[in-house]
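Step one of this worksheet: look at the structure below.
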Amino acid sequence: MPTFPRRRTPGAAPKAPRFSRIKKRFGRRAEDRMPGERGRGIYLLPNAFTTGALFCGFYAIVMAMNQRFEHACWAVFIAMVLDGLDGRIARLTNTQSEFGAQYDSLSDMVSFGAAPALVIYEWSLRGLGKLGWIAAFIYCAGAALRLARFNTNIEVVDKRFFQGLPSPAAAALVVGFIMMMTDPDINVSSRKVDWVSWAIAVFAGLTMVSNVPFYSFKDINFKKSVPFIVVFLIALAFALVAIDPPKVLWPIFVIYGLSGYAVFAWRAAKGKPVSIIPRDDEDEDDVKGLRR
């Protein structure tokens, strides 16, 4: 049967070859992209650390359900280390991406929001009934709201300060208390400190959503040379932590959790702006005075 060519509408663009259409649909090769244009894949190295932090958060939940609270607390602390590394590795290797930022926030919600709330509920708050799970929910909701606010205000806040207690520090405040109470030298029953646990969970949850400024340590230049004594003091700090981690780590995070309120009170007493986000009627230089 004879075939006839299809008539093309006058003025219509010629149809692209089949290979070009397939190429457009499934994406271009790296060598075909314009200079500076990134592909749609994800970077392995920083997201591997984020996945490790997410696994530690999930592992902490599982351990808490099995009443193995020491393992759960250490999993949260390991998640803190991994969470601190993924962002720095992404900046050092120039592999930042919007996917990595969102993935990191979801991982933080599990590791520093849901996991500490469930750990302290299983350890101590369960016996308080409704008041117990309400305190755990306040902490969990505070972590979620804090992470959402951090993502939306990241471009306008003073980089040297956090707006509210950061979620890893709040998690350390909660699980560090559990580690200290379960230490063999102390070994305090959870039922004797259930209201202390309640107060810590509520304090951490509310402080995360507050406007209290907490120093972020982001202005420390690790490429700058330092005196020899600084390296010795760092080694001494590691040695002190290794002697008895629960008794050393938790007081450090308690001091950090109260430091923001000290800065807030000092700024208020001096009549200076206490918010790290400038309002429309404020001079931005006054808010940046927090740096000095």
Determine the alpha carbon to alpha carbon distance for each of K218/K270; K223/K272; K224/K247; K130/K159 and list only those over 27 Å. K223/K272; K224/K247; K130/K159
Post the alpha-carbon centroid distance, segment 113-158 to segment 250-274, in whole angstrom. 21
Quick one: if the Förster radius is 30 Å, what FRET efficiency do S210 and L106 give, using the C-beta to C-beta distance and rounding to 0.05? 0.85
For segment 153-237, what % of the accessible area comes from carbon and sulfur atoms, probe 1.4 Å? 68
Would you tally the net charge around A53, using a Cβ to Cβ cut-off of less than 9 Å, leaving A53 out, and scoring K and R as +1, D and E as -1? -4
Could you work out what % of the accessible surface of segment 71-135 is carbon and sulfur, using a 1.4 angstrom probe and leaving DNA, RNA and ligands out of the count? 68
FRET efficiency for T95 and A268 from the Cβ-Cβ distance with R0 = 51 Å, rounded to 0.05, comes out at 0.80
Rounded if a/c is under 1.5, else prolate if a/b beats b/c, else oblate: with a ≥ b ≥ c from the C-alpha gyration tensor eigenvalues square-rooted, which is segment 125-281? oblate
Rounded if a/c under 1.5, otherwise prolate or oblate - segment 113-183, Cα gyration tensor axes: oblate
Per the rule of 0.36 nm per residue minus the C-alpha distance, extending T152 to V230 adds in nm 24.5 nm
Can you compute 3J(HN,Hα) from phi for each residue in segment 144-159, using the Karplus curve 6.51 cos²θ - 1.76 cosθ + 1.60 with θ = phi - 60°, rounded to whole Hz and x for Gly and Pro? 5, 5, 5, 5, 5, 5, 4, 5, 7, 9, 5, 8, 10, 8, 5, 5
In nm, what is the difference between 0.36 nm times the number of residues separating L45 and D185 and their Cα-Cα distance? 46.4 nm
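The values are calculated or read from the model by the stated rules, or taken from the named source; none is laboratory data. In this text, all values refer to a predicted model and were calculated from it rather than measured experimentally. Using ideal geometry, Cβ is built from the backbone for each residue, glycine included, and neighbour counts are taken over all protein chains shown. Surface accessibility is based on the protein's heavy atoms, side chains included, excluding ligands, DNA and RNA. Shrake-Rupley method; radii C 1.70, N 1.55, O 1.52, S 1.80 Å.
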